[in-house]
1. Quote to one decimal, in nm, the extra length available between Ala149 and Glu75 on full extension: 0.36 nm per residue of separation minus the C-alpha distance between them.
2. Filter Lys27/Lys100; Lys108/Lys157; Lys30/Lys108 down to the pairs with a C-alpha to C-alpha distance above 32 Å, please.
3. Quick one: grab the alpha carbon gyration tensor of the range 80-126, order the square roots of its eigenvalues as a ≥ b ≥ c, and give me rounded if a/c is under 1.5, else prolate or oblate depending on whether a/b is larger than b/c.
4. In the neighborhood of Arg101, defined by Cβ-to-Cβ distances under 13 Å, what is the net charge if each Lys or Arg adds +1 and each Asp or Glu adds -1?
5. Which of the aspartates and glutamates could a cross-linker span from Lys16 if the Cα-Cα distance has to be under 19 Å and same-chain partners fewer than 8 positions apart are dropped?
6. Using DSSP loop states and a limit of at most 10 other Cβ atoms within 10 Å to flag GluC sites (Glu not before Pro), what is the longest stretch of the chain containing no flagged site?
7. Roughly how far apart, in whole Å, are the Cα centres of the range 72-97 and the range 1-64?
8. Can you pull the three principal axis extents for the Cα set of the range 104-159, in Å, largest first?
Amino acid sequence: MSVKTILPFGDPILRKVAKPVTAIDAKVIKLLDDLAETLYDEEGRAGLAAPQIGILKRVVVMDCGDGLIELINPEIVEMSGQQVGPEACLSFPGYTGTVKRAKSVTVKTLNRQGETVLLHGRDYLARCMQHEIDHLNGILFIDHIEKNALYHNDTKKRANLMEAIRLSRPEWG
């Protein structure tokens, strides 16, 4: 296991769609372990997707307060309700935005033993699941921000959301 570098906002890998895991082998187990070690390297981290460390595989780890959750090839199969609240991202440190998400989600995923499981999440866990699965699809939290509400954590000043999105999409020039 080793702590990996988290790619910063603007890295083009963060906008790519991750590929499905075709076999749960030693490489996938090591990836899960490396993601967990990187997640726990600093206090307060809730989730990390493989693309954030430069690996385009559909693998996520999360800990929203009740222990480590590992997702392999996760797919949201049900969503309901709505919540609006603050959201941040390890690839976009120092900023928080107001994001609308489903209040409840059900995710179909594989565990590290290769078994298909259904996970249900509400509130913060549902928010985290949606955020991390978005990373697997090249979608960032800034793509969901409500009313241009992106703020710098230290100054509390509003940041230019359109400039941030433009920086994360080089094809927009």
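1. Numbers: separation 74, 0.36 × 74 = 26.64 nm, distance 2.80 nm.
Between Ala149 and Glu75, full extension yields 23.8 nm more.
2. Numbers: Lys27/Lys100 35 Å; Lys108/Lys157 39 Å; Lys30/Lys108 22 Å.
Cα-Cα > 32 Å for Lys27/Lys100; Lys108/Lys157; rest within.
3. Working: a/c = 4.48, a/b = 1.55, b/c = 2.89.
Taking the square roots of the gyration eigenvalues as a ≥ b ≥ c, the range 80-126 is oblate.
4. Values: positive: Lys100, Lys103, Arg122, Arg127; negative: Glu87, Asp123, Glu132, Asp134, Asp143, Glu146.
Here the count lands on -2.
5. Glu75, Glu132, Asp134, Asp143, Glu171
6. Working: sites that count: Glu42, Glu43, Glu115.
In the chain, the maximal stretch lacking such sites is 44-114.
7. 16 Å
8. Principal-axis extents of the range 104-159 (Cα, largest first): 46, 23, 20 Å.
The numbers here are math on the coordinates, done by the rules we state, and not lab data. All values reported here derive from a predicted model rather than from experimental measurement. Don't worry about glycine lacking a Cβ; one is built from the backbone with ideal geometry, like all the others, and counts go over all protein chains shown.
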